[in-house]
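Enquirer: This is the structure I have questions about; it appears just below.
The values are calculated or read from the model by the stated rules, or taken from the named source; none is laboratory data. Nothing here was measured: the structure is a model prediction, and the numbers come from that model. Every residue, glycine among them, receives a Cβ derived from its backbone with ideal geometry; neighbour counts consider all protein chains shown.
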Amino acid sequence: MVIYRSRSLVTLIKSSYSYSVRRFCSSIIPSQLQKVGFIGLGNMGSRMANNLIKAGYNVAVHDINLSVIKVFSDKGITVKGTPMEVAEISDVVITMLPSPSHVLNVYTGPNGLLNGGSTVKPWLFIDSSTIDPQTTRKIYSAISNCVLIEKKDSWATPVMLDAPVSGGVPAAEAGTLTFMVGGPEEAYKAANHLFSSMGKNTIYCGSSGTGSAAKICNNLAMAVSMLGVSEAFVLGQSLGITATTLTKIFNSSSARCWSSDTYNPVPCVMEGVPSSRNYDGGFASTLMAKDLNLASESAKEVGLNCPLTSEAKDIFTKLCDEGHGRKDFSCVFRHFYSGKDEL
Ligand code: NAD
(Lines give C-alpha, C1' and ligand atoms only; values in the text may rest on other atoms or scores of the structure.)
Protein backbone atom coordinates (compact mmCIF):
# COMPACT_ATOMS: atom_id res chain seq x y z
CA MET A 1 0.00 0.00 0.00
CA VAL A 2 2.80 2.33 0.97
CA ILE A 3 4.60 1.44 -2.25
CA TYR A 4 1.41 2.02 -4.24
CA ARG A 5 0.93 5.46 -2.62
CA SER A 6 4.48 6.56 -3.24
CA ARG A 7 4.25 5.40 -6.86
CA SER A 8 1.05 7.39 -7.38
CA LEU A 9 2.73 10.41 -5.87
CA VAL A 10 5.70 10.01 -8.22
CA THR A 11 3.33 9.63 -11.18
CA LEU A 12 1.42 12.72 -10.09
CA ILE A 13 4.60 14.76 -9.70
CA LYS A 14 5.89 13.51 -13.06
CA SER A 15 2.67 14.33 -14.88
CA SER A 16 2.28 17.76 -13.31
CA TYR A 17 5.97 18.41 -14.03
CA SER A 18 5.58 17.46 -17.70
CA TYR A 19 2.34 19.50 -17.86
CA SER A 20 4.09 22.57 -16.49
CA VAL A 21 7.09 21.98 -18.80
CA ARG A 22 4.69 21.79 -21.76
CA ARG A 23 2.89 24.95 -20.63
CA PHE A 24 6.20 26.69 -20.14
CA CYS A 25 7.43 25.54 -23.58
CA SER A 26 4.24 26.57 -25.36
CA SER A 27 4.35 29.96 -23.65
CA ILE A 28 7.77 30.69 -25.12
CA ILE A 29 7.16 29.47 -28.69
CA PRO A 30 7.96 32.52 -30.85
CA SER A 31 4.87 33.88 -32.59
CA GLN A 32 6.28 33.31 -36.09
CA LEU A 33 6.62 29.56 -35.35
CA GLN A 34 3.23 28.81 -33.79
CA LYS A 35 1.62 26.88 -36.66
CA VAL A 36 3.74 24.02 -37.96
CA GLY A 37 2.91 21.81 -40.93
CA PHE A 38 4.62 18.40 -40.96
CA ILE A 39 4.83 16.22 -44.07
CA GLY A 40 6.19 12.65 -44.04
CA LEU A 41 5.13 10.73 -40.93
CA GLY A 42 7.27 7.61 -41.30
CA ASN A 43 9.68 6.09 -38.78
CA MET A 44 11.38 9.42 -38.16
CA GLY A 45 8.76 12.03 -39.03
CA SER A 46 5.97 10.61 -36.86
CA ARG A 47 8.22 10.81 -33.79
CA MET A 48 9.51 14.29 -34.62
CA ALA A 49 5.94 15.55 -35.13
CA ASN A 50 4.93 14.01 -31.79
CA ASN A 51 7.70 15.90 -30.02
CA LEU A 52 6.51 19.17 -31.56
CA ILE A 53 2.99 18.44 -30.38
CA LYS A 54 4.30 17.67 -26.87
CA ALA A 55 6.23 20.96 -26.90
CA GLY A 56 2.97 22.83 -27.47
CA TYR A 57 3.09 23.59 -31.22
CA ASN A 58 -0.11 23.79 -33.21
CA VAL A 59 0.69 21.02 -35.73
CA ALA A 60 -1.07 19.98 -38.98
CA VAL A 61 0.13 16.88 -40.81
CA HIS A 62 0.05 15.17 -44.21
CA ASP A 63 1.27 11.82 -45.55
CA ILE A 64 0.19 9.66 -48.49
CA ASN A 65 -0.02 6.68 -46.14
CA LEU A 66 -3.55 6.79 -44.74
CA SER A 67 -2.81 4.44 -41.85
CA VAL A 68 -0.21 6.80 -40.34
CA ILE A 69 -2.55 9.73 -40.91
CA LYS A 70 -5.26 7.92 -38.94
CA VAL A 71 -2.96 7.62 -35.91
CA PHE A 72 -2.71 11.43 -35.85
CA SER A 73 -6.37 12.18 -36.62
CA ASP A 74 -7.38 9.78 -33.82
CA LYS A 75 -5.39 12.00 -31.44
CA GLY A 76 -7.26 15.09 -32.65
CA ILE A 77 -4.39 16.47 -34.74
CA THR A 78 -5.36 18.41 -37.89
CA VAL A 79 -4.73 16.34 -41.02
CA LYS A 80 -4.69 17.67 -44.58
CA GLY A 81 -5.08 15.91 -47.93
CA THR A 82 -2.27 17.66 -49.84
CA PRO A 83 0.97 19.56 -49.13
CA MET A 84 -0.67 22.69 -50.55
CA GLU A 85 -3.45 22.52 -47.94
CA VAL A 86 -0.83 22.19 -45.20
CA ALA A 87 1.00 25.26 -46.53
CA GLU A 88 -2.22 27.29 -46.56
CA ILE A 89 -2.49 27.14 -42.73
CA SER A 90 1.16 27.02 -41.60
CA ASP A 91 3.83 29.51 -40.52
CA VAL A 92 6.49 26.84 -40.98
CA VAL A 93 6.48 23.55 -42.90
CA ILE A 94 8.83 20.66 -42.11
CA THR A 95 9.35 17.78 -44.56
CA MET A 96 10.78 14.34 -43.66
CA LEU A 97 10.64 12.23 -46.81
CA PRO A 98 12.52 9.24 -48.25
CA SER A 99 14.49 10.64 -51.20
CA PRO A 100 15.13 13.67 -53.48
CA SER A 101 12.31 12.80 -55.93
CA HIS A 102 9.75 12.68 -53.08
CA VAL A 103 10.96 16.02 -51.74
CA LEU A 104 10.86 17.67 -55.20
CA ASN A 105 7.37 16.32 -55.74
CA VAL A 106 6.07 17.57 -52.37
CA TYR A 107 7.48 21.08 -52.98
CA THR A 108 7.03 21.63 -56.69
CA GLY A 109 4.57 18.93 -57.87
CA PRO A 110 0.82 19.38 -58.42
CA ASN A 111 -0.83 20.50 -55.16
CA GLY A 112 2.67 20.86 -53.76
CA LEU A 113 3.81 23.26 -51.05
CA LEU A 114 4.61 25.95 -53.62
CA ASN A 115 1.53 25.13 -55.67
CA GLY A 116 3.41 26.08 -58.84
CA GLY A 117 2.70 29.69 -57.89
CA SER A 118 4.47 32.71 -56.58
CA THR A 119 2.71 33.45 -53.28
CA VAL A 120 2.92 31.28 -50.17
CA LYS A 121 1.85 31.59 -46.53
CA PRO A 122 4.75 29.88 -44.69
CA TRP A 123 7.77 32.13 -44.19
CA LEU A 124 9.98 29.12 -43.43
CA PHE A 125 10.40 25.68 -45.02
CA ILE A 126 12.64 23.12 -43.32
CA ASP A 127 13.61 19.93 -45.12
CA SER A 128 15.02 17.28 -42.78
CA SER A 129 15.13 14.48 -45.36
CA THR A 130 18.53 13.11 -46.37
CA ILE A 131 18.92 14.34 -49.94
CA ASP A 132 21.71 15.68 -52.17
CA PRO A 133 22.81 19.33 -51.92
CA GLN A 134 21.98 19.91 -55.61
CA THR A 135 18.28 19.09 -55.09
CA THR A 136 18.25 21.17 -51.90
CA ARG A 137 19.58 24.19 -53.82
CA LYS A 138 17.03 23.69 -56.62
CA ILE A 139 14.19 23.85 -54.07
CA TYR A 140 15.83 26.75 -52.21
CA SER A 141 15.88 28.70 -55.45
CA ALA A 142 12.21 27.91 -56.23
CA ILE A 143 11.26 29.10 -52.72
CA SER A 144 13.34 32.26 -53.03
CA ASN A 145 11.35 33.18 -56.14
CA CYS A 146 8.09 33.15 -54.16
CA VAL A 147 6.65 36.02 -52.13
CA LEU A 148 4.80 35.86 -48.83
CA ILE A 149 1.04 36.35 -48.77
CA GLU A 150 1.60 38.32 -45.60
CA LYS A 151 4.95 39.69 -44.37
CA LYS A 152 6.06 37.81 -41.23
CA ASP A 153 8.08 39.91 -38.77
CA SER A 154 11.34 40.71 -40.55
CA TRP A 155 10.71 38.17 -43.33
CA ALA A 156 9.55 39.67 -46.62
CA THR A 157 10.25 36.53 -48.69
CA PRO A 158 10.05 32.86 -47.71
CA VAL A 159 13.26 31.02 -46.80
CA MET A 160 14.38 27.41 -46.66
CA LEU A 161 16.72 25.54 -44.33
CA ASP A 162 18.10 22.09 -45.13
CA ALA A 163 18.28 20.35 -41.75
CA PRO A 164 18.94 16.61 -42.06
CA VAL A 165 19.37 14.62 -38.88
CA SER A 166 21.60 12.08 -37.26
CA GLY A 167 20.57 9.75 -34.45
CA GLY A 168 18.01 7.40 -35.98
CA VAL A 169 14.61 6.33 -34.71
CA PRO A 170 15.50 6.09 -30.97
CA ALA A 171 16.82 9.69 -31.01
CA ALA A 172 13.78 10.88 -33.00
CA GLU A 173 11.58 9.30 -30.31
CA ALA A 174 13.60 10.71 -27.40
CA GLY A 175 13.94 14.18 -28.97
CA THR A 176 17.73 13.93 -28.98
CA LEU A 177 18.48 14.23 -32.72
CA THR A 178 21.44 16.17 -34.09
CA PHE A 179 20.48 18.67 -36.82
CA MET A 180 22.97 19.79 -39.49
CA VAL A 181 21.61 23.04 -40.85
CA GLY A 182 22.26 24.92 -44.07
CA GLY A 183 20.61 28.15 -45.28
CA PRO A 184 20.35 31.76 -44.10
CA GLU A 185 21.85 32.07 -40.60
CA GLU A 186 19.11 34.45 -39.42
CA ALA A 187 16.47 31.84 -40.26
CA TYR A 188 18.50 29.18 -38.46
CA LYS A 189 18.57 31.35 -35.33
CA ALA A 190 14.87 32.11 -35.60
CA ALA A 191 14.04 28.38 -35.87
CA ASN A 192 16.09 27.41 -32.82
CA HIS A 193 13.08 26.64 -30.62
CA LEU A 194 11.77 24.16 -33.21
CA PHE A 195 15.08 22.33 -33.42
CA SER A 196 15.48 22.12 -29.67
CA SER A 197 12.00 20.60 -29.38
CA MET A 198 13.12 17.67 -31.57
CA GLY A 199 16.84 17.42 -30.90
CA LYS A 200 19.66 18.13 -28.49
CA ASN A 201 22.38 19.32 -30.90
CA THR A 202 22.08 21.76 -33.77
CA ILE A 203 25.08 22.59 -35.89
CA TYR A 204 25.01 25.46 -38.37
CA CYS A 205 26.93 24.41 -41.50
CA GLY A 206 26.70 27.45 -43.81
CA SER A 207 24.77 28.39 -46.95
CA SER A 208 21.92 26.39 -48.52
CA GLY A 209 22.85 22.75 -49.26
CA THR A 210 25.65 22.52 -46.68
CA GLY A 211 23.40 20.68 -44.19
CA SER A 212 22.64 18.07 -46.88
CA ALA A 213 26.33 17.90 -47.76
CA ALA A 214 27.28 17.36 -44.09
CA LYS A 215 24.78 14.53 -43.75
CA ILE A 216 25.92 12.57 -46.80
CA CYS A 217 29.60 13.07 -45.84
CA ASN A 218 28.84 11.78 -42.32
CA ASN A 219 27.10 8.68 -43.66
CA LEU A 220 29.83 8.03 -46.21
CA ALA A 221 32.46 8.05 -43.44
CA MET A 222 30.21 5.86 -41.26
CA ALA A 223 29.74 3.30 -44.09
CA VAL A 224 33.44 3.10 -44.90
CA SER A 225 34.43 2.71 -41.23
CA MET A 226 31.81 -0.04 -40.78
CA LEU A 227 33.21 -1.85 -43.83
CA GLY A 228 36.80 -1.43 -42.59
CA VAL A 229 36.03 -2.77 -39.13
CA SER A 230 33.97 -5.69 -40.51
CA GLU A 231 36.69 -6.62 -42.98
CA ALA A 232 39.33 -6.52 -40.22
CA PHE A 233 37.20 -8.67 -37.87
CA VAL A 234 36.68 -11.28 -40.59
CA LEU A 235 40.38 -11.37 -41.42
CA GLY A 236 41.15 -11.67 -37.70
CA GLN A 237 38.70 -14.58 -37.30
CA SER A 238 40.33 -16.33 -40.29
CA LEU A 239 43.78 -15.80 -38.76
CA GLY A 240 42.68 -17.26 -35.43
CA ILE A 241 41.91 -14.18 -33.29
CA THR A 242 38.38 -13.65 -31.95
CA ALA A 243 36.40 -10.50 -32.67
CA THR A 244 36.01 -10.00 -28.89
CA THR A 245 39.78 -9.84 -28.44
CA LEU A 246 40.23 -7.65 -31.53
CA THR A 247 37.50 -5.31 -30.26
CA LYS A 248 39.40 -4.87 -26.96
CA ILE A 249 42.55 -4.08 -28.91
CA PHE A 250 40.86 -1.70 -31.38
CA ASN A 251 39.10 0.16 -28.58
CA SER A 252 42.35 0.93 -26.82
CA SER A 253 44.35 1.48 -30.02
CA SER A 254 44.38 3.53 -33.19
CA ALA A 255 41.57 1.56 -34.92
CA ARG A 256 38.99 2.64 -32.32
CA CYS A 257 35.84 4.12 -33.92
CA TRP A 258 32.06 4.22 -33.52
CA SER A 259 31.73 0.94 -35.44
CA SER A 260 34.07 -0.83 -33.00
CA ASP A 261 33.15 0.74 -29.64
CA THR A 262 29.48 1.71 -29.95
CA TYR A 263 27.88 -0.21 -32.82
CA ASN A 264 29.97 -3.38 -33.12
CA PRO A 265 28.83 -5.48 -36.12
CA VAL A 266 29.77 -8.90 -34.70
CA PRO A 267 26.87 -10.75 -33.02
CA CYS A 268 27.45 -11.42 -29.30
CA VAL A 269 30.30 -8.91 -28.85
CA MET A 270 28.09 -6.06 -27.58
CA GLU A 271 24.60 -5.94 -26.09
CA GLY A 272 21.83 -3.61 -27.19
CA VAL A 273 23.06 -3.10 -30.77
CA PRO A 274 21.41 -4.40 -33.97
CA SER A 275 24.05 -7.17 -34.36
CA SER A 276 22.87 -8.60 -31.02
CA ARG A 277 19.28 -8.94 -32.32
CA ASN A 278 19.74 -10.47 -35.75
CA TYR A 279 20.40 -6.99 -37.23
CA ASP A 280 16.78 -5.92 -36.69
CA GLY A 281 16.01 -2.24 -36.02
CA GLY A 282 18.74 0.35 -36.49
CA PHE A 283 19.63 1.98 -39.81
CA ALA A 284 18.37 -0.03 -42.80
CA SER A 285 20.84 -1.09 -45.51
CA THR A 286 18.49 0.41 -48.14
CA LEU A 287 18.89 3.84 -46.52
CA MET A 288 22.67 3.43 -46.44
CA ALA A 289 22.70 2.39 -50.12
CA LYS A 290 20.57 5.46 -50.93
CA ASP A 291 22.88 7.81 -49.02
CA LEU A 292 25.99 6.36 -50.71
CA ASN A 293 24.31 6.83 -54.05
CA LEU A 294 23.71 10.51 -53.14
CA ALA A 295 27.38 10.85 -52.12
CA SER A 296 28.51 9.18 -55.35
CA GLU A 297 26.29 11.42 -57.53
CA SER A 298 27.46 14.53 -55.64
CA ALA A 299 31.11 13.53 -56.16
CA LYS A 300 30.45 13.05 -59.89
CA GLU A 301 28.75 16.44 -60.07
CA VAL A 302 31.85 18.19 -58.72
CA GLY A 303 34.28 15.96 -60.68
CA LEU A 304 35.84 14.35 -57.59
CA ASN A 305 37.31 10.85 -57.69
CA CYS A 306 35.99 8.99 -54.59
CA PRO A 307 36.91 5.29 -54.98
CA LEU A 308 35.81 4.25 -51.48
CA THR A 309 32.39 5.84 -52.04
CA SER A 310 31.91 3.79 -55.23
CA GLU A 311 33.07 0.57 -53.59
CA ALA A 312 30.89 1.10 -50.51
CA LYS A 313 27.88 1.95 -52.71
CA ASP A 314 28.34 -1.27 -54.72
CA ILE A 315 28.64 -3.40 -51.57
CA PHE A 316 25.50 -1.98 -49.93
CA THR A 317 23.55 -2.14 -53.21
CA LYS A 318 24.50 -5.83 -53.55
CA LEU A 319 23.44 -6.44 -49.95
CA CYS A 320 20.00 -4.97 -50.74
CA ASP A 321 19.70 -6.90 -54.03
CA GLU A 322 20.32 -10.09 -52.07
CA GLY A 323 17.37 -9.40 -49.77
CA HIS A 324 19.01 -7.75 -46.73
CA GLY A 325 17.79 -4.21 -47.38
CA ARG A 326 15.62 -4.04 -44.27
CA LYS A 327 18.37 -5.26 -41.95
CA ASP A 328 20.67 -2.82 -40.16
CA PHE A 329 23.65 -1.82 -42.30
CA SER A 330 26.09 -3.53 -39.86
CA CYS A 331 24.77 -6.85 -41.27
CA VAL A 332 27.44 -6.35 -43.95
CA PHE A 333 29.66 -8.30 -41.51
CA ARG A 334 27.48 -11.41 -41.80
CA HIS A 335 25.92 -11.11 -45.24
CA PHE A 336 28.73 -9.65 -47.33
CA TYR A 337 31.85 -10.88 -45.51
CA SER A 338 30.32 -14.12 -44.14
CA GLY A 339 31.75 -13.27 -40.69
CA LYS A 340 31.05 -15.63 -37.82
CA ASP A 341 29.04 -14.89 -34.66
CA GLU A 342 31.07 -14.91 -31.43
CA LEU A 343 30.12 -17.73 -29.10
P1 NAD B 1 10.02 6.31 -43.93
O2 NAD B 1 10.02 5.61 -45.24
O3 NAD B 1 9.73 5.53 -42.70
O4 NAD B 1 8.99 7.54 -43.97
C5 NAD B 1 8.78 8.37 -45.08
C6 NAD B 1 7.33 8.83 -45.06
O7 NAD B 1 7.14 9.72 -46.16
C8 NAD B 1 6.32 7.68 -45.23
O9 NAD B 1 5.34 7.75 -44.22
C10 NAD B 1 5.73 7.94 -46.60
O11 NAD B 1 4.38 7.52 -46.73
C12 NAD B 1 5.85 9.45 -46.71
N13 NAD B 1 5.78 9.93 -48.09
C14 NAD B 1 6.44 9.45 -49.18
N15 NAD B 1 6.12 10.18 -50.28
C16 NAD B 1 5.25 11.14 -49.86
C17 NAD B 1 4.55 12.19 -50.52
N18 NAD B 1 4.69 12.40 -51.83
N19 NAD B 1 3.74 12.97 -49.78
C20 NAD B 1 3.59 12.77 -48.46
N21 NAD B 1 4.22 11.78 -47.77
C22 NAD B 1 5.03 10.98 -48.47
O23 NAD B 1 11.46 7.02 -43.82
P24 NAD B 1 12.21 7.46 -42.49
O25 NAD B 1 12.98 6.33 -41.93
O26 NAD B 1 11.26 8.22 -41.63
O27 NAD B 1 13.30 8.47 -43.12
C28 NAD B 1 12.94 9.75 -43.62
C29 NAD B 1 14.20 10.47 -44.04
O30 NAD B 1 15.09 10.56 -42.92
C31 NAD B 1 15.00 9.75 -45.14
O32 NAD B 1 15.50 10.70 -46.02
C33 NAD B 1 16.09 9.04 -44.38
O34 NAD B 1 17.26 8.82 -45.17
C35 NAD B 1 16.36 10.01 -43.25
N36 NAD B 1 16.91 9.40 -42.02
C37 NAD B 1 16.43 8.22 -41.56
C38 NAD B 1 16.97 7.67 -40.41
C39 NAD B 1 16.47 6.36 -39.87
O40 NAD B 1 17.15 5.78 -39.00
N41 NAD B 1 15.32 5.87 -40.30
C42 NAD B 1 18.01 8.34 -39.73
C43 NAD B 1 18.46 9.57 -40.20
C44 NAD B 1 17.89 10.10 -41.37
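Enquirer: Given the conditions (1) free of Cβ contacts under 8 Å to residues at least 24 places away in the same chain; (2) of a type in the set (Ser, Thr, Tyr); (3) within 30 Å of Pro100 (Cβ to Cβ), and given that Ser254 satisfies all but one, which numbered condition is not satisfied?
Expert: (3)
Enquirer: Among what's in segment 256-265 and is farther than 19 Å from Ala312 by Cα and not in a helix (DSSP H, G or I), pick the residue that is nearest to the chain's Cα centre (by Cα).
Expert: Only one residue fits best here, namely Thr262.
Enquirer: Output the qualifying pairs, or none if there are none: Cβ atoms under 6 angstrom, residues six or more apart or on different chains, first residue in segment 164-175 and touching a residue at least 60 places away in the same chain (Cβ under 8 Å), second residue more than 6 Å from the ligand (Cβ to nearest atom).
Expert: Cβ pairs passing all conditions: Val165/Ser128; Val165/Leu177; Val165/Phe179; Ala172/Arg47; Ala172/Met48; Glu173/Arg47; Gly175/Asn51; Gly175/Met198.
Enquirer: Go through segment 184-198 and count every residue that is over 14 Å from the mean Cα position of the chain (by Cα) and among the hydrophobic types (A, V, I, L, M, F, W, C).
Expert: Qualifying residue count, segment 184-198: 4.
Enquirer: Any idea how many residues of segment 36-61 are closer than 13 Å to Val93 by Cα, more than 16 Å from the ligand (Cβ to nearest atom) and surrounded by 20 or more Cβ atoms within 10 Å (Cβ to Cβ)?
Expert: Of the residues in segment 36-61, 1 are closer than 13 Å to Val93 by Cα, more than 16 Å from the ligand (Cβ to nearest atom) and surrounded by 20 or more Cβ atoms within 10 Å (Cβ to Cβ).
Enquirer: Here is a follow-up. Which condition number does Ser154 fail, the rest of (1) surrounded by fewer than 19 Cβ atoms within 10 Å (Cβ to Cβ); (2) more than 16 Å from the ligand (Cβ to nearest atom); (3) closer than 21 Å to Gly45 by Cα being met?
Expert: In the conditions (1) surrounded by fewer than 19 Cβ atoms within 10 Å (Cβ to Cβ); (2) more than 16 Å from the ligand (Cβ to nearest atom); (3) closer than 21 Å to Gly45 by Cα, Ser154 misses (3) alone.
Enquirer: Now for a different question. Any residue in segment 182-190 that is assigned by TED's automatic domain parsing to the domain that holds Met48, within 16 Å of the ligand (Cβ to nearest atom) and touching a residue at least 24 places away in the same chain (Cβ under 8 Å)?
Expert: Yes: segment 182-190 contains one or more residues that are assigned by TED's automatic domain parsing to the domain that holds Met48, within 16 Å of the ligand (Cβ to nearest atom) and touching a residue at least 24 places away in the same chain (Cβ under 8 Å).
Enquirer: Moving to a separate point now. Filter segment 124-162 down to the residues that are closer than 14 Å to Ile94 by Cβ and of a type in the set (D, E, K, R) and list them by number.
Expert: Selection gives Asp127, Asp162.
Enquirer: How many residues does segment 139-168 hold that are under 25 Å from Met48 (Cβ atoms) and among the charged types (D, E, K, R)?
Expert: Of the residues in segment 139-168, 3 are under 25 Å from Met48 (Cβ atoms) and among the charged types (D, E, K, R).
Enquirer: Could you check how many residues of segment 157-170 are among the hydrophobic types (A, V, I, L, M, F, W, C) and more than 8 Å from the ligand (Cβ to nearest atom)?
Expert: So the count comes out to 4.
Enquirer: Okay, next question. Of all residues in segment 270-317, how many are closer than 27 Å to Ala171 by Cα and not in a helix (DSSP H, G or I)?
Expert: Within segment 270-317, residues that are closer than 27 Å to Ala171 by Cα and not in a helix (DSSP H, G or I) number 11.
Enquirer: Could I ask something else about it? Quick one: is Asp280 touching a Pro at 6+ places or on another chain (Cβ under 7 Å) and not small (Gly, Ala, Ser)?
Expert: yes
Enquirer: What tally of residues in segment 72-99 results from selecting those that are within 9 Å of the ligand (Cβ to nearest atom) and within 16 Å of the chain's Cα centre (by Cα)?
Expert: Going through segment 72-99 one residue at a time, the tally reaches 5.
Enquirer: Now, a different point. State which residue is surrounded by the fewest Cβ atoms within 10 Å (Cβ to Cβ) when the search covers only segment 263-316 and only residues that are away from the ligand (no atom under 16 Å from the Cβ) and acidic (Asp, Glu).
Expert: Looking at the filtered set, the residue picked out is Glu271.
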